[in-house]
Amino acid sequence: MSVVRRVPLSAVAMVGVLVVAPTERAPSAGSVCEGEARWSTLALEHVARYEGLELTDLYKLLHQATMGSEHVVLDVAGARDWLAREIAELGDGPAEPLVDRLGADGAIVRVHLRPFLTRGHDPERLIEAFGETASGRYADRAALGCALNAMRNLASEGKPPWDVSAVDAYLETRDAAGHDAVHHSDAYAGRYRPAYRVVARELVPETWLGEGTEPSR
């Protein structure tokens, strides 16, 4: 697997607060939703793309694709502080697109930090886009319910590498927790060293999109 090298960032303020707020319950997975196929496509694409993807990583993907960064409450100074600390510990990682679309419509994207820094983009622009996405106006709780329904239906069809009982048990824990946000699994974090910001597609400059994207296939 090819890697990109750590890129230092010298001028990012380190002041502020990061707070994770509770997420209200999304609709429970159950009935078939209109447009559910797009979430199935996204899930299968990432299962194939990231070997060893665990249930929590798939849930995180679908949560981000439908809720954006809604669970994060922070001020601009806090966003700078968080970004600075992550950059300081970035290290090497896999080759990644600058912008990774989460779903066929691309309403929410992941902006990967390594190519972002390598190409010399302004961190302040990313901080602003992330903060606006975190406001919650891009969150779609109905879509989250449909995405989780797609996750279970795929398991019932034997498509992901988990059986339906494991998926049901996992989704029950997430339902009990109010469909909160989760961290990547230790295995995924160790192997892929994910470093990105989740932002709304409409807040991403067109110049970034022209530098390499990874839409759903």
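Things worth noting here:
- Count of the stretch 114-127 residues which are more than 15 Å from T207 (Cα to Cα), out of contact with any strand residue (DSSP E or B) (no Cβ under 6 Å at 6 or more places or on another chain) and surrounded by 19 or more Cβ atoms within 10 Å (Cβ to Cβ): 1
- Any pair with Cβ under 6 angstrom, 6 or more apart, that starts in the stretch 75-88 at a residue that is touching a residue at least 24 places away in the same chain (Cβ under 8 Å) and more than 14 Å from L117 (Cα to Cα) and ends at one that is part of a loop (DSSP other than H, G, I, E, B) and not β-branched (V, I, T): D75/G16; A77/G16; G78/G16; R80/A13; D81/M14; D81/G16
- The residues listed here are D168, D175; of these, the one that is modelled with pLDDT of 95 or more, in contact with a helix residue (DSSP H, G or I) (Cβ under 7 Å, 6 or more places away or on another chain) and among the charged types (D, E, K, R) is D168.
- Each residue in the stretch 20-50 was checked for being over 17 Å from the mean Cα position of the chain (by Cα), modelled with pLDDT of 75 or more and more than 14 Å from N149 (Cβ to Cβ), and 0 pass.
- For G103, the requirement of being of a type in the set (G, A, S) and either more than 22 Å from T41 (Cβ to Cβ) or in a helix (DSSP H, G or I) (or both) is not met.
- Selection status of V12, more than 21 Å from P160 (Cβ to Cβ) and at pLDDT below 65: yes
- Some residue of the stretch 53-72 being surrounded by fewer than 17 Cβ atoms within 10 Å (Cβ to Cβ), of a type outside the set (A, V, I, L, M, F, W, C) and either in contact (Cβ under 8 Å) with a residue 60 or more places away in the chain or out of contact with any Asp or Glu (no Cβ under 8 Å at 6 or more places or on another chain) (or both): no
- Residue match in the stretch 80-96 (condition: surrounded by fewer than 19 Cβ atoms within 10 Å (Cβ to Cβ), modelled with pLDDT of 95 or more and not in a helix (DSSP H, G or I)): no
- Test: residue in the stretch 109-127 that is at pLDDT below 90 and either more than 15 Å from the chain's Cα centre (by Cα) or among the hydroxyl-bearing types (S, T, Y) (or both): no
- Only one of D163, D75, D100, D105 that is within 27 Å of G210 (Cα to Cα) and either modelled with pLDDT of 90 or more or touching a Gly at 6+ places or on another chain (Cβ under 8 Å) (or both): D100
The values are calculated or read from the model by the stated rules, or taken from the named source; none is laboratory data. Worth saying up front: this structure is predicted, and the values here are computed from it rather than measured. Quick reminder, even Gly has a Cβ in these numbers, built from the backbone with ideal geometry, and neighbours come from all protein chains shown.
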